[in-house]
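Enquirer: Let me begin by handing over the structure; questions about it come next.
The values are calculated or read from the model by the stated rules, or taken from the named source; none is laboratory data. On a predicted model such as this, the values are computed, not experimentally measured, just so you know. In this analysis, Cβ positions are derived from the backbone assuming ideal geometry, glycine residues included, and neighbour counts consider all displayed protein chains. The protein model used for the area step is the full one, side chains on, heavy atoms only, and it has no ligands, DNA or RNA in it. Shrake-Rupley method; radii C 1.70, N 1.55, O 1.52, S 1.80 Å.
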Amino acid sequence: MSDQPIQHTVSFRLVHAPGSDQERDFLDVASGLADIPGVQNFRQLRQVSPKSDHTFWFTMEFADQTAYDAYTNHPVHVAFVRDRWEREVTSFQELDFVAL
């Protein structure tokens with residue numbers, strides 16, 4: 001288990017049309033993940049390069065593995081994944097980093 005800070009990132013593409021109300025609603029609901037205890041520096045970013053077919057990127061930091069695990073198992077995160085992510089995300093890549 002890592003006692004180092006963890007940078008958690010996920011890039012993804014939604015099933016919704018760009019700029020649609022459904023896209024905005026997904027992003028609005030996802031912003032609530034920032035309120036989960038232990039989440040630091042939560043950001044939502046939009047991809048502008050044509051080199052990737054993923055259109056969004058979420059990134060956040062955790063103080064250590066314990067904080068990351070608490071986030072992963074938090075009821076708000078579990079519900080978001082179950083009720084929104086699994087239904088509305090068509091492709092994604094998740095990456096978790098610690099400093100070298």
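Enquirer: Could you please find all residues in segment 71-90 being charged (D, E, K, R) and either under 11 Å from residue 8 (Cβ atoms) or open to solvent by less than 50 Å² (accessible area, probe 1.4 Å) (or both)?
Expert: Residues satisfying the conditions are 84, 88.
Enquirer: Could you check segment 28-57 and list, in sequence order, the residues that are out of contact with any Pro (no Cβ under 8 Å at 6 or more places or on another chain), more than 20 Å from residue 78 (Cβ to Cβ) and of a type in the set (Val, Ile, Thr)?
Expert: Once the filter is applied, which keeps residues that are out of contact with any Pro (no Cβ under 8 Å at 6 or more places or on another chain), more than 20 Å from residue 78 (Cβ to Cβ) and of a type in the set (Val, Ile, Thr), segment 28-57 yields only 48.
Enquirer: Hey, another quick one. If we keep just the residues of segment 46-70 that are touching a residue at least 60 places away in the same chain (Cβ under 8 Å) and among the hydroxyl-bearing types (Ser, Thr, Tyr), which is surrounded by the most Cβ atoms within 10 Å (Cβ to Cβ)?
Expert: Among those that are touching a residue at least 60 places away in the same chain (Cβ under 8 Å) and among the hydroxyl-bearing types (Ser, Thr, Tyr), it is 68.
Enquirer: Under 6 Å between Cβ atoms, which residue pairs at least 6 apart in sequence (or on different chains) link something in segment 6-18 that is in contact (Cβ under 8 Å) with a residue 60 or more places away in the chain with a partner that is open to solvent by less than 50 Å² (accessible area, probe 1.4 Å) and part of a loop (DSSP other than H, G, I, E, B)?
Expert: Pairs found: 11/54; 12/54; 13/54.
Enquirer: Quick one: would you say residue 19 is farther than 19 Å from residue 99 by Cβ and surrounded by 11 or more Cβ atoms within 10 Å (Cβ to Cβ)?
Expert: So residue 19 does not fit the description; no.
Enquirer: OK, next. Could you figure out which of (1) at pLDDT 95 or above; (2) within 23 Å of residue 5 (Cβ to Cβ); (3) exposed (fewer than 11 other Cβ atoms within 10 Å of the Cβ); (4) among the aliphatic types (A, V, I, L, M) isn't true of residue 100?
Expert: Exception for residue 100: condition (1).
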